[in-house]
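Derivation of every value follows stated rules applied to the coordinates shown; laboratory data play no part. Just so we're clear, the structure is a prediction, and the values are computed from it rather than from any experiment. Reconstructed Cβ throughout: ideal geometry from the backbone, glycine too, with neighbour counts over all protein chains shown.
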Amino acid sequence: MSVETKVTYCRICEPLCGLVATVEDGTVTQLRPDSEHPLSRGQACPKGIAFVDIQNDPDRVLHPLKRNEQGEFERVSWESALDDIVARLRALPRDSIGGYLGNPPAFSYSHATWFAAFMRALGTKHTYSAGSQDINSRFAASALLYGSVTQLPFPDLPRTDFLLMLGANPLVSHGSALNAPRIKDQLNGIAKRGGRVVVVDPRRTETARAYEHVPVRPDSDAWLLLSMLHVIFADGLADEAAIREQTVGVDAVRRAAAQHPPEETEARTGVPADVVRRLARDFATAPSATAYGRTGSCLGRHATVVGALIDVLAIVTGNLDRAGGTLFSRGVIPIEELAERAGLATYATDRSRLGGFVDVLGSYPAVLMADEITTPGKGQLRALFVSAGNPVLSVPNGPKLAEALPQLELMVSLDLYVNDTNRYADYILPATTWLEREDFPIAVASAAPTPFFQVAEPVVPPRGEARQEWAVYDEIATRIGVEPLGVGLLQKLAPLTTRLPVRANPRFLFELLLRIGPHGDRFGLRRGGINARKLRALPHGVVLDEYAATGLRKHAVRHRGHRVRLDPPALVEELARLGDRHDEDPDYPLRLIGLREQRSHNSWMHNSPSLMKGAGRKHQARINPADADAAGVLDGAIVRIRSRFGEIETLALVTDDVGPGTVAVPHGWGHVGGGWELANKSGGANSNRLASSELGDVERLGGMAHLNGIAVAIEAVAPAAL
Ligand SMILES: Nc1nc2c(c(=O)[nH]1)N[C@H]1C(S)=C(S)[C@@H](COP(=O)(O)OP(=O)(O)OC[C@H]3O[C@@H](n4cnc5c(=O)[nH]c(N)nc54)[C@H](O)[C@@H]3O)O[C@H]1N2
Ligand SMILES: Nc1nc2c(c(=O)[nH]1)N[C@H]1C(S)=C(S)[C@@H](COP(=O)(O)OP(=O)(O)OC[C@H]3O[C@@H](n4cnc5c(=O)[nH]c(N)nc54)[C@H](O)[C@@H]3O)O[C@H]1N2
Ligand code: SF4
Ligand SMILES: [Mo]
């Protein structure tokens, strides 16, 4: 028997922790934390360790599957699958072909790039992603403020004196839109230095418990932030010199803030005015301060406004682009930046067929998919690729999407499993896991307080007939006669190079971009610069700088004069509309928010025996004792949660971690009909059944789904009824 150990890094979530794999006769038998990784230094979470369950899962899809006439999946060859897919695509207009890209490709440079290039080559508008349920509002805010849709400002954790966090729970999520391994140490570091970590969250989360908690009503952050700005301007605490130097249009913010003194917003936010005043003063007078928001700030009715105001707070207090403040992101492989400069990464340059939503990075709200499938007319969505996604569980009103999917003329999924979505597909094509492919960190890696880079080689060959997604897209594209990344596009991305192959492969492209990036060797012109060959000799990765760069505004801000624009018309209009909508409805007096758990990852790790063992692994709704009492709901009993759009039943966990009026339920549960046996048995319910798929409920600037702050009611379910 041959036993080897191989160094790699985890690609489940954003810290990208270093791992060491034990490989016995070509099979990964163990994953353990890599003690030699310079940043994660021997730390990894249970999900990373348990990935070995997924790698070797007997329920994994290892061969192409085709739905037969009885509606069952049967094994077919790659050749016959691709022949049929290609033939059916050829018969369709290209603008009727679309794709949904799920979350895992955020950690696969080749998958993400080739999917995007394939969609672009088709010239279709039907590009959707997990982004509209996650982070597109952040990108929209960046497009408005900085003229750069790919900009991902992040908190300078190692140097800040004050971190204000809105809607993030990094002790469980491990940090998001932020690449910071060992984030708990980083946050503890702030406190140890005498700084502060303040967590604004409707739930007393793991992170809120560990630091200072400001409980807030769901979906009221816009008012809280405006009131903080109110105090900062009214008390003369704004950094006028920084505002003059870095920005234009501050009066728009001043005017908006003036209308929201803390005394007037306190009923809405639940944060007492004196707490807001103190918070604003402390933030503004801290030696350095940064504000950071994550999914809890992105899934409400005013997501883009909230995202922008979070930055504005740092900007007007002189904390943008300086040590300890909010820093501009910069990719080691500058793919996002180059794509943007080449006009390939856009915001609001086009509109969706239905609803007239603006594009964010060329994609539209995923909640549109169901209507786009069922609404006839030019450009109707008729063929759909679902690439590493499970939108039936992750987008609002999954059941509606599940009903629409069978109406497609062709649905193809690239995945590891038969999941709740691709069970409706015509073809499921087996994809490699991250242990079976090479990688470079992209996307979130550009938001790293400690710039770092690591290349990963495949740890094992693909299991079964699994293939890398990019290669599948490349082949399909070639055969239907479109070029995903041909010479023209390549030249746009990497104008420096002259020796270009006719058709790129991802490795070629990214190694090239690495060399022309901020740390690259510029083909020998920059001494000490990096290239892929050098990096392969450093398998644990390499720290590129002690701290992230400051002074990047002239590089990052693409508005005229490199000034941050505080008065973009779309934002000003949206600020004026704040509070126009009323969610108050006596029939649905409570507000539903989401929740992430340590041993769960969105919808796709519920088939791992090691993560699912233990009594606590049940789907539960966190309900405040007062609300539970009023509805007669008992702890541990079944509760029915109703909204205007649907209802679910799950177990009640009565706890004062959530304030009165708030109910917190994790998404990504309630598996039915997929090929993951343990997941199907794990119970629970799809909380997104409660969310609205009405176009009027989609946030306008970022196209964000409304998933936090949904009006709901609860009731006890008599055990006899079950
Ligand atoms: N109510 C509510 N809803 C939410 C959220 C919330 O906070 N509240 N969060 C939202 C967020 S932030 C996100 S990111 C989305 C996630 O939404 P989705 O991305 O739609 O769903 P996932 O559950 O991440 O499913 C990922 C799929 O990819 C497959 N997969 C895993 N690795 C690979 C791989 O390497 N290659 C391929 N081809 N497939 C792979 C898995 O088997 C799984 O089927 O959910 C969103 N939905
Ligand atoms: N263990 C684990 N880790 C994960 C994931 C996972 O599923 N499991 N998913 C990964 C993904 S895809 C992502 S995008 C990241 C997300 O990373 P985070 O956003 O840090 O993760 P969440 O736990 O969803 O944190 C969101 C917080 O927002 C709060 N919140 C809800 N509504 C509001 C509101 O209106 N205002 C405010 N201020 N707060 C609100 C919630 O109570 C919750 O604590 O996590 C990643 N990491
Ligand atoms: S926190 Fe866990 S899942 Fe995320 S990268 Fe690290 S080991 Fe992987
Ligand atoms: Mo996400």
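Here are the numbers for this structure:
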item	result
Cβ crowding within 10 Å averaged over residues, with 564-577, 167-180, 130-143, 445-458 ranked highest first	130-143, 167-180, 445-458, 564-577
Label point at Leu544 placed 7 Å out along Cα→Cβ; residues across the range 299-340 whose backbone nitrogen lies under 14 Å	328-338
Peptide ranges 66-75, 660-669 listed from the most packed, as the mean C-beta count within 10 angstrom indicates	660-669, 66-75
Filtered trypsin sites (Lys or Arg not before Pro), the range 634-689: DSSP coil and at most 13 other beta carbons within 10 Å	none
Relative contact order of the range 3-55, pairs being alpha-carbon contacts under 8 Å that are 6 or more residues apart, as %	29
Cα-based shape type of the range 590-718, given that a ≥ b ≥ c are square roots of the gyration tensor eigenvalues and the cut on a/c is 1.5	oblate
Relative packing of 704-713, 41-50, 300-309, which averages over residues the other C-beta atoms within 10 Å, highest first	300-309, 704-713, 41-50
Stokes-Einstein diffusion coefficient of the range 3-55, Kirkwood radius over Cα pairs, 20 °C, 1.002 mPa s, in µm²/s	197
Under 28 Å from Lys400, Cα to Cα: lysines that are on another chain or at least 8 residues apart	Lys66, Lys125, Lys378, Lys618, Lys681
Cα-based convex hull volume of the range 557-652 per residue, rounded to whole Å³	202
DSSP-defined antiparallel bridges as percent of all bridges, the chain, nearest 5	50
Inter-probe distance in nm under a simple model that places probes 7 Å from Cα toward Cβ, at Leu695 and Val248	3.4
Stretch gain in nm, segment Leu237-Phe508, where the contour uses 0.36 nm per residue and the Cα spacing is subtracted	92.5 nm
Taking all pairs of distinct alpha-carbon atoms in the range 290-439, Kirkwood radius in angstrom	18.5
Separation between Cα centres of the range 506-531 and the range 408-477, rounded to whole Å	25
The chain - charge dipole about Cα centre, Lys and Arg +1 at Cβ, Asp and Glu -1, debye rounded to 20	1820
Residue-averaged 222 nm ellipticity for the chain, from DSSP H runs of 4+ at -39500 (n - 2.57), nearest 500	-8500 deg cm²/dmol
Relative pair counts by distance (%), Cα atoms of the chain, 20 Å bins	18, 54, 27, 1
Relative contact order computed over the range 590-718 (Cα-Cα under 8 Å; 6+ residues apart), in percent	36
Two-site label geometry, Leu62 and Arg278: point separation in nm, points 7 Å out along Cα→Cβ	6.0
Footprinting exposure proxy for Arg203, Arg281, Arg527 (fewest neighbouring C-beta atoms within 10 Å first)	Arg527, Arg281, Arg203
Convex hull of Cα atoms in the range 308-359, direction-averaged projection (nm²)	5.5
Lys/Arg +1, Asp/Glu -1 at C-beta; the chain dipole; positive extreme among Met605, Val663, Ile183	Ile183
Linear extension gain, Ala191 paired with Asp656, 0.36 nm per residue minus alpha-carbon span	164.8 nm
Kirkwood Rh, Cα atoms: Rg over Rh of the range 433-475	1.08
Gain in span if fully extended, Glu677 to His582, counting 0.36 nm per residue against the direct Cα distance	30.0 nm
In Å, descending, principal axis extents of the Cα set of the range 18-140	53, 42, 22
Percent of alpha-carbon pairs separated by more than 18 Å within the range 232-286	39
